[in-house]
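Worksheet for the structure shown next.
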There are 2 protein chains.
Amino acid sequence: MVFQADDYIPNISYDSVIFGFSGEKLKILILEYHNTGTFALPGGFIRKDEDLDRAVKRGLSERTGIDQIYLEQFHTFGALHRSNPAVMRRIFEGQGIVMKDHWIFDRFISVGYYALINYDTVSPKPDALSDSIGWYNFDSLPELMQDHNQIVEKALEHLRNHLDQKLLSFNLLPEFFTMKDLQQVYEAILGENQNRANFQRKMLGLGILERHEKLYSGGSHKAPFLYSFRKVKSDS
Amino acid sequence: MVFQADDYIPNISYDSVIFGFSGEKLKILILEYHNTGTFALPGGFIRKDEDLDRAVKRGLSERTGIDQIYLEQFHTFGALHRSNPAVMRRIFEGQGIVMKDHWIFDRFISVGYYALINYDTVSPKPDALSDSIGWYNFDSLPELMQDHNQIVEKALEHLRNHLDQKLLSFNLLPEFFTMKDLQQVYEAILGENQNRANFQRKMLGLGILERHEKLYSGGSHKAPFLYSFRKVKSDS
DNA sequence: AAATATTGTTTCTTTGTGAAACAATAGTAA
DNA sequence: TTACTATTGTTTCACAAAGAAACAATATTT
């Protein structure tokens, strides 16, 4: 996996913040690079002959094994010193690759994307550059390379502001879920508790939920309804 | 003004949507290129040794004569065929500059910014590449080059969604203004009428307005108060 | 001095929200 | 079987916010 200079647009990259939800906590997908102890967001480059959006989908699929996810662009990071050639160099050397000059050591302006995926049904796989990929609790992330911690902050901010509008939460849950599941997703993202009765009223009022049989058999109490999201339009 | 390849990051540009308010209508600043009848948003490139944000401020100042404005990044446009080398070529030829190969004819991914400025106190000046710069009503824009019409749409969408949060409107008004002025700005941006009494309540409730003497002497009726925005924090 | 237009405020009604209480029910323990 | 318990779905109540209309104030014109 040595990037050919002719294939990619120089100086532009993307970084992605992949959110998952464990049933209790909000989590983020983080890569660790071989032999360097460097943690990073999954990112990549754009080919000269592909759309930016497509590049992100392709790259993410290559690096994490995850396909068909809803991606949302949220900000482009262009500070002069956000890239650090020394760190990139160490990552490649950690793999035994030594390159003197390479376009990958240049300055990069990076477009940030975030996605929400179902924590339970996805099993991410690390690519050749990385020796591990894993979920980390949002509130106890390791220190990430370059400005990636800031990128995560900004992604969450954007997600919070658009949670209601876009009902992004549907990506974090299995097909069928209870009202409590949904509320826990909201609470994990917003970082604050929601009123149970009002939350239910609001969600049902949106008219986007379909109520199903009570199939859940958890504890010694009344069984909750199961819900699914009403399909409206597919996102390409 | 021939851009040197060594000075600029290739394949990345910015485009800016500069909103103004005439006292009645929402307007946007548009450039027209020499001899080509091509209309475009003010845009530019990023130097290899400057922050993205700074580059936009600098470039905008060079191309329009406008300084010290509040800029907000809203989206990055990266579709494969959004750039059109043929159009760029015509613009340069229209100026008598003929170049066979130039990095400027490459594909560009463009970062979109918008700004809000005071229509009355600003007199934009076109740069060497353009023969005119002018205000156009948002609802009757000419056809713009490449995907610039889409960029404008997206900017307005973003502005509408964030109007209340950031009180961006203060940039569109002179230092002193009436409550009616403020309401008209909101109505122009949101595209719908606001209730007079409630608008006043809401704005005063925000605690960001300072009320001054009634100095206005317009028509045959009660004089309105003048207001100004309470200064909180300056934006670098 | 009356008329008029517009502004600032108040009042009334409707709607939405937060908190608590009530009702229903699937399992558990006696 | 029957009481008990935990949790869910719904309702009620108090209060705040929002929409609409009425009322009061006032600078200018007639």
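Name the residue, out of B:K100, B:K57, B:K125, that is within 14 Å of chain A (Cβ to nearest Cβ) and of a type in the set (K, R). So that I can check it myself, show each step before the final result.
Values: B:K100 fails: within 14 Å of chain A (Cβ to nearest Cβ); B:K125 fails: within 14 Å of chain A (Cβ to nearest Cβ).
Criteria check complete, one pass: B:K57.
Looking across segment A:60-82, the residues that are more than 9 Å from chain B (Cβ to nearest Cβ), in contact with a Ser or Thr (Cβ under 8 Å, 6 or more places away or on another chain) and either crowded, with 20+ Cβ neighbours inside 10 Å or polar (S, T, N, Q) (or both) come down to A:L60, A:R63. From the list A:E153, A:E143, A:E93, A:E157, the one residue that fits, being within 14 Å of another protein chain (Cβ to nearest Cβ) and at negative phi, is A:E157. With respect to the numbered conditions (1) more than 11 Å from every other protein chain (Cβ to nearest Cβ); (2) out of contact with any helix residue (DSSP H, G or I) (no Cβ under 6 Å at 6 or more places or on another chain), which one is the sole condition not fulfilled by B:G44? Of the numbered conditions (1) more than 11 Å from every other protein chain (Cβ to nearest Cβ); (2) out of contact with any helix residue (DSSP H, G or I) (no Cβ under 6 Å at 6 or more places or on another chain), the odd one out for B:G44 is (2). Against the list (1) in contact with a Phe, Trp or Tyr (Cβ under 8 Å, 6 or more places away or on another chain); (2) within 16 Å of DNA strand D (Cβ to nearest atom), the condition A:D181 fails is (1).
Could you tell me which of the residues B:L80, B:L52, B:L71 is of a type in the set (A, V, I, L, M), within 12 Å of the chain's Cα centre (by Cα) and either in the same structural domain as B:V152 (by TED's automatic domain parsing) or modelled with pLDDT under 80 (or both)? Write out each step before concluding.
Working: B:L80 fails: within 12 Å of the chain's Cα centre (by Cα); B:L52 fails: within 12 Å of the chain's Cα centre (by Cα).
None of the other options fit; the residue is B:L71.
With B:G134, B:G94 as the choices, which residue is under 21 Å from the mean Cα position of the chain (by Cα) and surrounded by fewer than 20 Cβ atoms within 10 Å (Cβ to Cβ)? Within the list B:G134, B:G94, the selection yields B:G134. Among the residues of segment A:4-25, are any over 17 Å from A:N171 (Cβ atoms), in contact with a Phe, Trp or Tyr (Cβ under 8 Å, 6 or more places away or on another chain) and assigned to a helix (DSSP H, G or I)? Scanning segment A:4-25, I find no residue that is over 17 Å from A:N171 (Cβ atoms), in contact with a Phe, Trp or Tyr (Cβ under 8 Å, 6 or more places away or on another chain) and assigned to a helix (DSSP H, G or I), so the answer is no.
Using the structure shown, decide if B:H34 is within 11 Å of another protein chain (Cβ to nearest Cβ) and not charged (D, E, K, R). Give the derivation first.
Values: within 11 Å of another protein chain (Cβ to nearest Cβ): no; not charged (D, E, K, R): yes.
So B:H34 does not fit the description; no.
Filtering B:N137, B:N193, B:N171 for residues that are away from chain A (no Cβ under 14 Å) and within 16 Å of DNA strand C (Cβ to nearest atom) leaves a single hit, B:N193. Here A:Y186 meets the list (1) outside the structural domain of A:L209 (by TED's automatic domain parsing); (2) in a helix (DSSP H, G or I); (3) hydroxyl-bearing (S, T, Y) almost entirely, failing just condition (1). Taking the numbered list (1) within 16 Å of DNA strand D (Cβ to nearest atom); (2) at pLDDT 90 or above in turn, B:A155 passes all entries but (1).
The values are calculated or read from the model by the stated rules, or taken from the named source; none is laboratory data. This is a predicted model, so every value here is computed, not measured. Note that each Cβ is placed from the backbone with ideal geometry, even for glycine, and that neighbours are counted across all protein chains shown.
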